[in-house]
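Scroll down for the structure; my scribbles are underneath it.
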Amino acid sequence: MDGDFIVPFARRGSIVGADELTMITDLVRSGDVLSAGGLRDQFEARFAKHVGSRYALSVTSGTVALELAIEMLDLAPGDEVIATPQTFQATLQPLLDHDVRVRFCDVDPETLNLDPALLRSLVTDRTKAILLVHYGGYPADMDRIMAIARPRGITVIEDAAHALGTGYFGRRPGALGDIGCFSFHSTKNITTLGEGGMITLERDDWAERIDRRRNNEADGIYVPEPAEEPFLLPWMKFSADVYRWTCVGVRKPGTNATMAEAAAGVGLAQMDKLDELVERRRWIARRLDDAIARFPGTRIQQVPDGVEHSYHLYTFFVDHGRDDLVRALHRRGVEVQLRYFPQHLTPEWRWRGHTSGECPVAERLWFTSHMNLPCHPGLSDAQVDHLVAAVEASLHDLRPTHQRAS
């Protein structure tokens, strides 16, 4: 089966319906602006309240969110950034634009998140930031990570693209480190019409800089220096500020990363559904956990008390025969995508000097035992039943003959 799957991996990680269509229709009929208007402001305020951050600044994608967040580091040649290898390429690609050393920190074999037990040994006096991911919606061990980073003045950037709806001992990703970056891509836990992103943070100066950049203004260093203003008609008043400030340096030019009003409106409607959408993911995950845990040689993720996994990705591990299991599921109509190839082994990072053996846990798990299964609210009950039955049958068939007989 090469085309249609009975149980597909997520093309859409959310459900878009009448509420979102009504929001778009009302906006179009209202005659209000379609960019940088009231819906964007409402969405940002709603998101900041949910995450527990002071600021939430919407942008056009999660990738742009990461680019702008990394710009706040003001990286200089010779600086070092510690990063996870277990992520999508967008997390790390902005670092390729900087003359810095990236030190990959291996992952915890249970969560696939950056392993804080290995982190301390990678910190040097040149370490500027830690760039981590809450893999699949399982939050990283942030208390231990921040205990290392905070006393040393190291900035922690959370790639929280998987983690909307995740809980961490009464708090939420995006407000656990210094900067949080979210994605509203089609496959994520909520969407803003296919693309979109959000940056969450506390610092006033970073919020001002990011706001300028996303609104086509230079990220410059400005000092007040009033100059004589020419006569300005009322419709020219917006330009008055150009006579009140002097720029003494430009870090980056401005860009247009403005989230459209229609996208923000859909985001607001999606936030109303977030709890329901995430609970559906958790229900599917419980079904899979119950089935898989009965088979020797498998390992499911154990979620401790106080942690709420949002299951953007459902992950488990097998001791033997991972590739055979993928093929068996494929034959039974289940689409499997393994997320993600270890980033330090991709061509661009090998070009920067990284090699195999650098993160042995991430490498071993990805190449031999790491499994992801479809887990998204677009699956019907019948599809979930088929998924569970296919997993059980495939695991049964892959067991040694003497185990099947028993």
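Just so it is clear, none of the values below were taken in a lab; they were calculated from the coordinates. Note that the structure is a prediction, hence the values are computed from the model and not measured. Note: ideal-geometry Cβ built from the backbone for every residue, glycine included; neighbour counts use all protein chains shown.
Shown here for the stretch 127-209: GluC sites (Glu not before Pro) in loop regions (DSSP other than H, G, I, E, B) with at most 11 other Cβ atoms within 10 Å, of which there are none. When all alpha carbon pairs of the stretch 284-381 are counted in 10 Å bins from zero, the resulting P(r) reads 13, 40, 32, 14, 1 %.
With a Förster radius of 25 Å applied to the beta-carbon distance between GLU279 and ASP324, the computed FRET efficiency rounds to 0.15. Between the Cα long axis of helix 381-398 and the first principal axis of the chain there is an angle of about 50°, rounded to the nearest 10.
Close amide-amide hydrogen proximity is noted between ASN113 and ASP108, each under 5 Å apart and 5 or more residues distant or on a separate chain (H modeled in the peptide plane; Pro and chain starts excluded).
Here the convex hull built on the C-alpha positions of the stretch 81-157 has a volume of 82 cubic angstrom per residue.
Hand me the trypsin sites (Lys or Arg not before Pro) from the stretch 236-342 located in a DSSP loop with no more than 14 other Cβ atoms within 10 Å, in residue order please. Taking the stretch 236-342 and a limit of 14 other Cβ atoms within 10 Å, the loop trypsin sites (Lys or Arg not before Pro) found are ARG244, ARG294.
Treating the angle as unsigned and between 0 and 90°, give the value, to the nearest 10°, between the Cα long axis of helix 18-30 and the longest Cα principal axis of the chain. For 18-30 against the chain, the angle is about 20 degrees.
With all projection directions averaged, the alpha carbon convex hull of the chain covers 23.2 nm². How far is helix 204-214 tilted off the main Cα axis of the chain, in degrees rounded to 10, range 0 to 90? Helix 204-214 sits roughly 90 degrees off the main axis of the chain. Kirkwood's formula applied to the C-alpha pairs of the stretch 61-219 gives a hydrodynamic radius of 15.7 angstrom. Between ILE6 and ARG251, residue separation times 0.36 nm minus the direct Cα-Cα distance comes to 83.1 nm. Put the Cα centre of the stretch 106-143 next to the Cα centre of the stretch 333-350 and the gap is 19 Å.
Think of the chain as having a plus end and a minus end, set by charges on the Cβ of Lys, Arg, Asp and Glu; of GLN270, LEU132, THR255, LEU132 sits farthest toward the positive end of this dipole.
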